[in-house]
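What follows is a set of notes on a single structure, which appears directly below.
Computed from the coordinates by the stated procedures, all read-outs in this text should not be read as laboratory data. The shown structure was predicted, so the numbers you read here are calculated from the model rather than taken from an experiment. Positions of Cβ are backbone-derived with ideal geometry, glycine not excepted, and every protein chain shown enters the neighbour counts.
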Amino acid sequence: MAIAKKALVWGLFAAGGTVSSFLFPFLIALFLLVALGATPEGLQYETIRGFASSWLGKLTVFGVLFLSLWHAAHRLRVVCHDFGIRADGAVAVIVYSLATVGTLLAAWYLLAIS
């Protein structure tokens, strides 16, 4: 892999890890509150959907999903290598293709929200 490609992949990996580490504890706590039936007023379905309907909301949700998917793809690539799967080229194509498909589906779904 050329130097420029490595910088792009590692940059997305680092950004995704940073976003995920800040947001996932909040999401876990939120889902726990929802499971217990104690959802705060500002986090009701209608409020969240209203936020996701705005362009700022769509951009924010897309950014989080995009970075998280690319972080996960690179993490899976490294895990496959650690488990002894040495076909790095094939693994890279598969995991990054899945991240690309997930990113495109997220964009399509977010654009469909009105």
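So is LEU76 touching a residue at least 40 places away in the same chain (Cβ under 8 Å) and within 15 Å of LEU12 (Cα to Cα) or not? So LEU76 does not fit the description; no.
Taken over region 45-62, the residue count meeting the criterion of being surrounded by 14 or more Cβ atoms within 10 Å (Cβ to Cβ) and in contact (Cβ under 8 Å) with a residue 12 or more places away in the chain is 4.
Hey, could you check region 66-90 for residues that are crowded, with 18+ Cβ neighbours inside 10 Å and aliphatic (A, V, I, L, M) and say which is farthest from the chain's Cα centre (by Cα)? Full working, then the answer.
As a first pass, look at region 66-90 and keep what is crowded, with 18+ Cβ neighbours inside 10 Å: 66-74, 77, 80.
Next, from what is left, pick out any that are aliphatic (A, V, I, L, M): 67, 69, 72-73.
Numbers: LEU67: 5, LEU69: 4, ALA72: 8, ALA73: 10 Å.
Here the residue is ALA73.
Selection over region 103-114 of residues that are closer than 25 Å to CYS80 by Cα and in contact with a Ser or Thr (Cβ under 9 Å, 6 or more places away or on another chain) gives a count of 0.
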